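Asks: I have a structure I would like to understand better, so I am pasting it below and will then ask my questions one at a time.
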Amino acid sequence: MHATIDIEAVFKRHVKAVYRLCYSYFGNAADAEDAVQATFMKLVASPREFNDEEHEKAWLLACAANVCKDELKSARRKRAGEMPADVPDGSAQAEVEPNDVLEAVLALPDQYKDCVYLHYYEGYKIVEIAAMTDTPSSTVRNRLSDARKLLRSAMMEGE
C-alpha cells in the first residue's frame, strides 16, 4: 500500500529548487519545465514516504538530476535541430539573459554542475551532497575544487 502524500503541497514546497536545477542543465525555460514535470510525475506514479521535508527535497533534486541527464543522453535530443532565432513574439516565454557566471556554470560538465548547484545554490553540505549523489565526500570536495578552478579559468578568458 502506497503512502498518501499531498502532491500539491510537495510541489509548492520544492518546485523552485527543482526548476533551478533543471534550468542549470538545459539553460532554457521550456526544457527545464518539461524536466520539472517529469520529476513530479515520477513522484505521482510511485508515491513514497519521506522522513522530513529535507529528505523530500533531496529525493526530488536527485530525481530531477537523473531526469535531466537521461534527457540529455537521449537519441531524440541528439537528433533535434536548433530552433530558429526569429521566433515570433508571444509564441515563447521570454528568456532571461544569463550572466557570465551562470553561463560558466551551465558550461560545466554534469558531475561538477550537480555539486556546484547543490552546494552554492541549495546550501547543502559536502556530506549531504555525497549521500544524495551516492558519491564519496572526498570526491564531492574534489569536484567542487575542480569546478571553482574551471569557473575561475572561464571567467579569466571572458575578460
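The values are calculated or read from the model by the stated rules, or taken from the named source; none is laboratory data. Because the structure is predicted, anything quoted here is derived from the model rather than measured. For neighbour counting, all protein chains shown are included, and Cβ atoms are generated from backbone atoms with ideal geometry for every residue, glycine included. For accessibility, only protein heavy atoms count, side chains too; no ligands or nucleic acids. Shrake-Rupley method; radii C 1.70, N 1.55, O 1.52, S 1.80 Å.
Asks: Quick check on Pro98: is it surrounded by 12 or more Cβ atoms within 10 Å (Cβ to Cβ), of a type outside the set (Phe, Trp, Tyr) and modelled with pLDDT under 85? Before you say what the answer is, go through the steps one by one.
Replies: Details: surrounded by 12 or more Cβ atoms within 10 Å (Cβ to Cβ): yes; of a type outside the set (Phe, Trp, Tyr): yes; modelled with pLDDT under 85: yes.
When the stated conditions are applied, Pro98 passes them.
Asks: Another question, then. Only one of Val44, Val18 is surrounded by 17 or more Cβ atoms within 10 Å (Cβ to Cβ) and among the β-branched types (Val, Ile, Thr). Can you tell me which?
Replies: Values: Val44 fails: surrounded by 17 or more Cβ atoms within 10 Å (Cβ to Cβ).
On inspection, the qualifying residue turns out to be Val18.
Asks: Need pairs with beta-carbon distance below 8 Å; first residue free of Cβ contacts under 8 Å to residues at least 60 places away in the same chain and within the range 116-134, second open to solvent by 10 Å² or more (accessible area, probe 1.4 Å) and of a type in the set (Lys, Arg); sequence gap 6+ or separate chains.
Replies: Listed pairs, sorted by first residue: His119/Lys125; Ile126/Arg141.
Asks: Right, next: Within the range 49-60, track down each residue that is loosely packed, with under 12 Cβ neighbours inside 10 Å and over 20 Å from the mean Cα position of the chain (by Cα).
Replies: Filtering the range 49-60 for residues loosely packed, with under 12 Cβ neighbours inside 10 Å gives 49, 51-52, 54.
Correct list: Glu49, Asn51, Asp52.
Asks: Any idea which residue in the range 115-159 is surrounded by the most Cβ atoms within 10 Å (Cβ to Cβ), counting only those that are outside any helix (DSSP H, G or I) and within 16 Å of the chain's Cα centre (by Cα)? Quick ask: steps written out before the conclusion?
Replies: The first filter runs over the range 115-159 and keeps only residues outside any helix (DSSP H, G or I), leaving 122-125, 134-136, 159.
Checking the rest, the ones that are also within 16 Å of the chain's Cα centre (by Cα) come to 122-124.
Numbers: Glu122: 16, Gly123: 8, Tyr124: 22.
Checking each candidate, the answer is Tyr124.
Asks: Name the single residue that is modelled with the lowest pLDDT among those in the range 101-114 being open to solvent by 60 Å² or more (accessible area, probe 1.4 Å) and over 28 Å from His55 (Cβ atoms). Spell out the reasoning first.
Replies: Step one: of the range 101-114, the residues open to solvent by 60 Å² or more (accessible area, probe 1.4 Å) are 101, 103, 107, 109, 111.
When the remaining residues are screened for being over 28 Å from His55 (Cβ atoms), the result is 101, 103, 107.
Numbers: Val101: 72, Glu103: 76, Ala107: 82.
If we take residues in the range 101-114 being open to solvent by 60 Å² or more (accessible area, probe 1.4 Å) and over 28 Å from His55 (Cβ atoms), then Val101 is modelled with the lowest pLDDT.
Asks: Follow-up question, since we're still on this one. For the range 26-49, enumerate the residues that are under 23 Å from Glu71 (Cα atoms) and in contact with a Phe, Trp or Tyr (Cβ under 9 Å, 6 or more places away or on another chain).
Replies: Residues satisfying the conditions are Ala29, Asp31, Ala32, Glu33, Asp34, Ala35, Val36, Phe40, Leu43.
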